[in-house]
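Take a look at the structure below.
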Amino acid sequence: MKENITTFLASDALEKYMLGTCTEAEAKQTEHYIDTYPEVRDHYNSMQESLESFAQMHAMEAPADLREKVLSDIPVIKVVKKTYWMQIAVAASVIFAALSVFFFVKQNNLLQENNTISQEMRDLKLSIEQNNSQISSLQNELNMLNNPDTRKYVLNGNEKARELQTVAYINTKERLSLINVLDLPDLPEEKCYQMWANVDGEMVSLGILEINNNKLLNLPYKENALSYNITIEPKGGNKKPTEGSTVANIAF
Amino acid sequence: MSTFLEAHIVQLLGEEDERAVGLIYDNYADTLYGVAYKITKDDALAQDALQESFVKIWKKAASYDAKKAKLFTWLFRITRNTAIDKLRSANLRDDREIQIDISDVYNLGTTSLKPEHLDVKDHIGNLDEKYQEVLNALFFEGMTHQEASEALDVPLGTVKSRLKIGLRELRKVFNCFVLLIILVL
């Protein structure tokens, strides 16, 4: 192997390779030696340095205007443009991506805001309708209460329910009846207050009574009612009033 | 050439960055122009050769392989081959009698040499003329070993051995020069 290296170094293969005057096959063989043997590589590197030194010894100052001529011959615009356009493209992509994200977020926010406002508007509309309905209802109640044909009847409890206090408003012309339950004494859980109308001697149920915080309750109007009665009945109400359970009544 | 600068230029070449050309020109143009002139022995041809060499350098930038050759070796090859082609296409070579005049080494561009090269140049005198003849013939005259053998009237084996010894001696001279600079500094 050592002999091979010596023989190789003794040949002019390295010199020809350095000057680029060897054939392709010779170049491959020389590269193999350079890559394989550090001794050959060192020799090659040393030769290259010698070549550079030798060439430097013959350096001549190039004409002053040659630099400009040389550089103007170099088609660098392509690279400059490539870099320039690449930079613009990258910048544009970044801006586009940022704007896309911005508008996406903005649109989502606007949609959310729009939904919220729509919901608020629906709620407000509903609230207004409810208020109008209440106003209309109150107006009707007020009209009825102010109507000269409306009669006011106070039902006070007897000894069984002294605290019971209700006021009934009845308009026979308009066939309307309202009741305001002011106070009802407490009852056991299995009991309730039930209202009746005596129509031609028959007791007709008008419903279960509950305290209603000064709100007027509509009562089914009964033609030819002779009296209104309140009885204590089992929870849920009764079909017929229990005998002896009347706590209040008023006769017309 | 500093290893750092060379590595930087090589990196720019690999990236096809045009700044590489400017750096190569600023750091190698005088040496390469000297090479081109030594081969063509004509100002106009040397300038043409250098211009064309730089275009080739730029076009071949991507193919440069730092593992196969130092940057200067690669630049030298391109400039040398371009200058030889220029000379041949100008039909000058046919009429030219090969002159292996060692005085070329000393006389050409003496006044235009850069100061840093003058010091190096002073040391070329330490290299025996017979080695310089061979190096000139092979490196600058574009001769093959056989042509150099005939032109210098020495056996082919002698050309080869003088080339080897010349390069080795040149290395010694250069090393001494570097050592001297280090000592002075």
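Hydropathy at least 0.0 by Kyte-Doolittle, axial extent at least 15 angstrom from the Cα trace: which helices of chain A, defined as entire DSSP H runs, fit? Correct list, ordered by number: A:77-146.
Packing-based ranking of B:21-34, A:60-73 yields B:21-34, A:60-73, ordered from highest to lowest mean Cβ neighbour count within 10 Å. When +1 charges are put on Lys and Arg Cβ atoms and -1 charges on Asp and Glu Cβ atoms, the dipole computed for the protein assembly as shown relative to its Cα centre reaches about 1360 debye. Here the calculated FRET efficiency for A:K125 and A:K215, from their Cβ-Cβ distance with R0 = 35 Å, stands at 0.90, rounded to the nearest 0.05.
Cross-link partners for B:K86 among the lysines, with Cα-Cα distance under 25 Å and sequence neighbours closer than 8 places in the same chain left out: A:K16, A:K69, B:K38, B:K41, B:K56, B:K59, B:K60, B:K70.
If you plug the beta carbon distance of A:D183 and A:N132 into 1/(1 + (r/R0)^6) with R0 = 25 Å, you get a FRET efficiency near 0.20. For the peptides A:186-196, A:234-244, A:107-117, B:131-141, the ranking by mean Cβ contacts within 10 Å, running from highest to lowest, is B:131-141, A:186-196, A:234-244, A:107-117.
Within 10 Å of the Cβ of each residue in A:110-120, the mean number of Cβ atoms contributed by other protein chains is 0. Taking label points 7 Å from Cα along the Cα-to-Cβ direction, A:N108 and A:R175 give a separation of 6.2 nm.
For chain A, the dipole from Cβ point charges (+1 on Lys and Arg, -1 on Asp and Glu) about the Cα centre works out to 1700 debye, to the nearest 20.
Coordinate-derived values only; no laboratory data. What you see is a predicted model; the values in this text were computed from it and never measured. All Cβ positions, glycine included, derive from the backbone under ideal geometry; neighbour counts span all protein chains shown.
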